[in-house]
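**Student:** Could you have a look at this structure, given as structure tokens, before my questions?
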Amino acid sequence: MAVIELDHVTKSYKSRGRRTLANDDVSLHVDEGEVFGLFGHNGAGKTTIVNQLLGLLKPDSGSIVIDGQDIVKNRNLGRYLCSVQPQSKTPLGELTPRSVTRVMGQLRGISPEEVDRRTTELFEKLDITQWADVQGTKLSGGVLRLTGFCMAAVAPGRAVILDEPTNDVDPVRRRYLWSAIRDLTKDGTAVVVVTHSIREAENTVDTMAVLNEGKVLKQGNARQIRGEAAGNRMKLEAVAKATEDRFEKPGWGEGLKISDGELTLTFERELASEALKWAAEQRDRGLLAEYSLTEITLEDMYIELVGSRGAVEGAQR
Ligand SMILES: Nc1ncnc2c1ncn2[C@@H]1O[C@H](COP(=O)(O)OP(=O)(O)OP(=O)(O)O)[C@@H](O)[C@H]1O
């Protein structure tokens, strides 16, 4: 059953005499117990979707239904039905992670005992118990961000919306966080994760959409989309020590690219041993350092789809 149904939503902003079409006929559905990844370059229109789900913005046209309730007609319901971790860091001031998480749980109507149990469980899961009672002014950006997640997760609504939850978080706690995101779905909560960390999200998201310049470019089951993009292909990744023109391009690979000193080359899976031989030769010529063969990822699909399009234009208000 769909918890979030966003249909044909269009939203534009007017600023300094200019109109920006932030969402252009966007339709997204998120089912119970599903983690939905919303991907897109800066300025693609992701936060505009989040703000409309929460009832903070009204679409120009289209419908938004959460748990069967019309959010366009009753905008306050958005904030009741969804709990949210906003994109900005949670400013705690002199308050502590434990106190703000408790307040949020109580505001959302769960008993003090349940709030304490959930708060302890979340802090332990994310390994931030040692900072639970430290004032916000003395905490790192990562701990503040994780506190923002706990505030959204302590008493989740029918949907939990997480806008860039992994920013500033160290690699180990990011793993705990992705696992905590999956845990949220166990009682049927639908989770929307807005993130640029597609490589990490890949293991957790069930369904996804790629947004570009306000439009949905691709949407569906994340595993299927990755499978379709990968086909029978693999990828060679290597540290390049020379520019592209110095390499002898193999006849069998597609698209040898060097960007920021990293070489990538995709090829049919059965050519894996050829690819390793080629890489060893290039290393012997002093053109490559470390190299490895990897699977095609969801992030590769994203880059193929969006590329550098919109990366420059989209973000200015
Ligand atoms: N209040 C506003 N007034 C005018 N234009 C806005 C406003 N908010 C957003 N925009 C514009 O709408 C478009 C979509 O912005 P939005 O913040 O939804 O993108 P985003 O995908 O969330 O970006 P990011 O990944 O950088 O957070 C951008 O072109 C942005 O400049």
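The values are calculated or read from the model by the stated rules, or taken from the named source; none is laboratory data. Remember, it's a predicted structure, so these values are computed and weren't measured experimentally. Neighbour counts run over all protein chains shown; Cβ positions are idealised from the backbone, glycine included. Keep in mind that these areas ignore ligands, DNA and RNA; they rest on the heavy atoms of the full protein, side chains included. Shrake-Rupley method; radii C 1.70, N 1.55, O 1.52, S 1.80 Å.
**Student:** On a 25 Å Cα-Cα criterion, which of the cross-link pairs LYS46/LYS73; LYS14/LYS73; LYS14/LYS218 come out too long?
**Tutor:** Distance filter (> 25 Å) returns LYS14/LYS218.
**Student:** What's the magnitude of the charge dipole for segment 232-295 around its Cα centre, counting Lys and Arg as +1 and Asp and Glu as -1 at the beta-carbon? Answer in Debye, nearest 20.
**Tutor:** Computed about the Cα centre, the dipole is about 80 debye.
**Student:** Then there is this: Compute the distance in nm between two label points, each set 7 Å from the Cα along the Cα-to-Cβ direction, one at ALA242 and one at ILE303.
**Tutor:** 2.2
**Student:** Right, another one. With 13 Å as the cut-off, how large is the P(r) tail for segment 65-112, expressed as percent of Cα-Cα pairs?
**Tutor:** Looking at segment 65-112, the distances longer than 13 Å represent 67 percent of pairs.
**Student:** When the Kirkwood radius is taken over all Cα pairs of the chain, what Stokes-Einstein diffusion coefficient follows at 25 °C and 0.890 mPa s, in µm²/s?
**Tutor:** Value of D from the Cα-based Kirkwood radius: 114 µm²/s.
**Student:** On alpha-carbon atoms, Rg over Rh for segment 232-295 using Kirkwood Rh?
**Tutor:** Checking Rg against Rh, the ratio lands at 0.91.
**Student:** Using a 1.4 Å probe and ignoring any ligands, DNA or RNA, find the accessible area of TRP252 and quote it in Å² to the nearest 10.
**Tutor:** Approximately 60 Å² for this residue.
**Student:** Another question, if that's okay. Roughly how many whole Å is it from the C-alpha centroid of segment 258-308 to that of segment 173-243?
**Tutor:** Here the two parts' Cα centres lie 20 Å apart.
**Student:** Related question: Obtain the nm distance between the two label points defined at SER27 and GLU281 by a simple spin-label model: each point lies 7 Å from its Cα along the Cα-to-C-beta direction.
**Tutor:** Each label point lies 7 Å from its Cα, and together they span 5.1 nm.
**Student:** Here's another thing I want to ask about it. Can you work out the FRET efficiency for the pair ASP116 and ARG79, with r the C-beta to C-beta distance and R0 = 22 Å, to the nearest 0.05?
**Tutor:** The value I calculate is 0.35.
**Student:** What's the FRET efficiency of SER12 with ASN42 using the Cβ-Cβ distance as r and R₀ = 25 Å, to the nearest 0.05?
**Tutor:** Rounded to the nearest 0.05, the efficiency is 0.90.
**Student:** For segment 167-276, what value does the Rg/Rh ratio take when both radii are computed over Cα atoms and Rh is the Kirkwood radius, given to two decimals?
**Tutor:** Rg divided by Rh gives 1.06.
**Student:** Given q = 0.19 Å⁻¹, what are the Debye log10 I(q)/I(0) values for segment 17-113, with equal point scatterers placed on the Cα positions and solvent ignored?
**Tutor:** Relative scattering, expressed as log10 I(q)/I(0), comes to -1.11.
**Student:** Report for segment 2-227 the percent antiparallel among DSSP-assigned beta bridges with both residues inside it, nearest 5.
**Tutor:** 55
**Student:** Which one of PRO165, ALA201, LEU236 is farthest out on the positive end of the charge dipole of the chain, using unit charges on Cβ (Lys, Arg +1; Asp, Glu -1) and the Cα centre as origin?
**Tutor:** Going by the charge dipole, the pick is PRO165.
**Student:** With a 1.4 Å probe and all protein chains kept in place, how much accessible area does HIS41 have, in Å² rounded to the nearest 10?
**Tutor:** Rounded to the nearest 10, that gives 30 Å².
**Student:** Using a 1.4 angstrom probe with every protein chain in place, what is the largest-first accessible-area order of VAL205, VAL84?
**Tutor:** VAL84, VAL205
**Student:** Roughly how much of GLU244 is accessible, in Å² to the nearest 10, using a 1.4 Å probe?
**Tutor:** Around 70 Å² of this residue is reachable by solvent.
**Student:** I've got another one for you. When the solvent-accessible surface of protein heavy atoms is calculated with a 1.4 angstrom probe, in what order do TYR291, TYR302, TYR80, TYR176 fall, highest first?
**Tutor:** TYR80, TYR176, TYR291, TYR302
**Student:** Evaluate the charge dipole of the chain about its Cα centre and quote only its size in Debye, nearest 20, assuming +1 on the Cβ of each Lys and Arg and -1 on the Cβ of each Asp and Glu.
**Tutor:** Approximately 1100 debye in magnitude.
**Student:** Right, next: Counting each DSSP H run of 4 or more residues in the chain as -39500 (n - 2.57), what helix-only mean residue ellipticity at 222 nm follows after dividing by all residues, to the nearest 500 deg cm²/dmol?
**Tutor:** -9500 deg cm²/dmol
**Student:** Let me ask something else about it. Taking 0.36 nm per residue of sequence separation and subtracting the Cα-Cα distance, how much length would be gained by fully extending the chain between LEU56 and GLN87, in nm to one decimal?
**Tutor:** Between LEU56 and GLN87, full extension yields an extra 9.7 nm.
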